[in-house]
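The values are calculated or read from the model by the stated rules, or taken from the named source; none is laboratory data. Predicted model only: the values in this text are computed from it and were never measured. Note that each Cβ is placed from the backbone with ideal geometry, even for glycine, and that neighbours are counted across all protein chains shown. Heavy atoms of the whole protein, side chains included, go into the accessibility calculation; ligands, DNA and RNA do not. Shrake-Rupley method; radii C 1.70, N 1.55, O 1.52, S 1.80 Å.
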Amino acid sequence: MKINEFYDDSANINLNGSIAALVPAVIIVIGNLSLYKSQEIMLLTIPFLTYSFICFHFYLFRMKQSILIARNMVNGRHKSWNDSLFVARHLLVCYLNTHSPSILFYFPNGDLAGRITRYRRKGLSRLRHSKMYALYNSQDEAIGFFEVKGNRNIKIGTFDQERRYLGCFEKKKLTWRKSKKQLLDAVGKSIGAVEGSSIFMDEKVIHSGNQTDLRLRRGWMPVEWSTYFPEANTPVLSFWGTLSDKEKLLRMSFLINEYFIER
């Protein structure tokens, strides 16, 4: 899925919302004309018609963006990017809010680098109460897993492709407004903290040596990437240092909390 296909999907979500909002409006109109014939009852259709109108215009806006991106890919002689998700220094992050939400990672050229989505367990493991998410590469191969446990105090365990435990992200409630977020390795030793702003998206994974390993920022996207990413506020995930693939996978566990739990 290239980035223009993401905007296609986003457009279709808005179109479906527009159509769905018309259903209760039609029911109200038909019921009123058949039974009551009251002008006051017709006022009940206004919220549904308004929502349908807004969704339809979002649909047109997303479709226009998709067409523009596809045209830029052709005119710019788009070249495929075959690097691994973990090789890239920067990834752009898009959130697809469907019945099965996904985090989509893109290279700056608009090619899909990978995605995180809910993992459906098989057999008796489906009876477990914890939720499982999987990280897939561009070939749709599962290369990592995240298991979420807890409600108030959250623990997100990270596992590699062979289901070996690498460590976890922990979020502990200190007060109703303040939480402590940290990363632990496989033996439970703290390897860093997750810090960020409560006002805007700027989450950082800080190594115990006070070095930033990973950062998720909104509003930082370079202008030259706007050819394929028309929204300047598209979040950018940046890696620093010489982390291994497994170390990056462990640090990416905070994204589960950021997108699937706190949202």
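Would you mind classifying the range 99-214 by shape? Square roots of the alpha carbon gyration tensor eigenvalues, ordered a ≥ b ≥ c; an a/c under 1.5 is rounded, otherwise it is prolate if a/b is larger than b/c and oblate if not. Please list the in-between numbers first.
On the way: a/c = 1.57, a/b = 1.20, b/c = 1.31.
Oblate is the answer for the range 99-214, as a/c is 1.5 or above yet b/c matches or exceeds a/b.
With a/c under 1.5 counting as rounded, go ahead and sort the range 169-263 into rounded, prolate or oblate using the C-alpha gyration tensor (a ≥ b ≥ c being the square roots of the eigenvalues; past the cut-off, prolate if a/b is larger than b/c, else oblate). Let's see the in-between values first.
Details: a/c = 2.24, a/b = 1.40, b/c = 1.60.
It is oblate, given that a/c is not under 1.5 and a/b is not larger than b/c.
Using a 1.4 angstrom probe with every protein chain in place, what is the largest-first accessible-area order of Y106, Y36?
Y36, Y106
Could you state how much accessible area Y133 has, in square angstrom rounded to the nearest 10, with a 1.4 Å probe and all protein chains kept in place?
It works out to around 20 Å².
With bins 10 Å wide starting at 0, give me the P(r) of the range 16-81 over every alpha carbon pair, in whole percents.
20, 29, 20, 14, 10, 6, 1
Please list 3J(HN,Hα) in residue order for the range 216-222, calculated via the Karplus relation 6.51 cos²θ - 1.76 cosθ + 1.60 where θ = phi - 60°; whole Hz, with x for glycine and proline.
For the range 216-222, the Karplus curve yields 10, 10, 10, x, 10, 4, x Hz.
Quick check: the distance between the Cα centres of the range 1-68 and the range 139-165, to the nearest angstrom?
37
By the gyration tensor of its Cα atoms, with a ≥ b ≥ c the square roots of the eigenvalues, what is the shape of the range 1-153: rounded for a/c under 1.5, prolate for a/b over b/c, or oblate? Can you show the working numbers first?
Values: a/c = 3.68, a/b = 1.51, b/c = 2.43.
Judged from the Cα gyration tensor, the range 1-153 comes out oblate (a/c at least 1.5, b/c at or above a/b).
Once you charge only the Cβ atoms, +1 for Lys and Arg and -1 for Asp and Glu, what is the size of the charge dipole of the chain about its Cα centre, to the nearest 20 debye? Write down the numbers at each step before the final one.
Values: 37 positive and 23 negative charges, 190 e Å.
The dipole magnitude comes to about 920 debye.
How would I116, I261 rank on accessible area, largest to smallest, probe 1.4 Å? Mind showing how you got there, number by number?
Values: I116 0, I261 60 Å².
Solvent-accessible surface, decreasing: I261, I116.
Hey, what do the phi angles of the range 12-22 turn into as Karplus ³J(HN,Hα) couplings, whole Hz, using 6.51/-1.76/1.60 and θ = phi - 60°, x for Gly and Pro?
Result, ordered by residue: 5, 4, 5, 5, 4, x, 5, 5, 4, 5, 6 Hz.
Arrange the residues E247, E141, E170 by how much accessible surface each exposes, largest first, with a 1.4 angstrom probe. Display every interim value, and only then the final one.
On the way: E247 75, E141 95, E170 35 Å².
Ranked list, largest accessible area first: E141, E247, E170.
Just tell me which lysines come within less than 23 Å, Cα to Cα, of K204; anything on the same chain fewer than 8 places away is out.
K149, K155, K171, K172, K173, K178, K180, K181, K189, K246, K248
I'd like the accessible area for V87: 1.4 Å probe, protein heavy atoms, all chains in place, Å² to the nearest 10.
Rounded to the nearest 10, the figure is 100 Å².
Could you work out the relative contact order of the range 34-184, using alpha carbon pairs under 8 angstrom and six or more residues apart, expressed as a whole percent? Intermediate results must be reported in sequence, preceding the final value.
Numbers: 201 pairs, mean separation 14.5, N = 151.
Reported as a whole number, the value is 10 percent.
For the chain, what is the mean residue ellipticity at 222 nm derived from helices alone (per DSSP H run of n ≥ 4: -39500 (n - 2.57); sum divided by total residues; nearest 500 deg cm²/dmol)?
On the way: 4 runs with 71 residues, N = 263.
For the chain, the value works out to -9000 deg cm²/dmol.
Quote the accessible area belonging to L85 in square angstrom, nearest 10, computed with a 1.4 Å probe and with ligands, DNA and RNA left uncounted.
Surface open to solvent at L85 totals about 10 Å².
I'm spelling it out carefully: the read-out is log10 I(q)/I(0) by the Debye sum over Cα atoms at q = 0.07, 0.14 Å⁻¹, the candidates are (1) -0.32, -1.02; (2) -0.29, -1.12; (3) -0.23, -1.03, and one was derived from this structure. Which label?
Here the calculated entry is (1).
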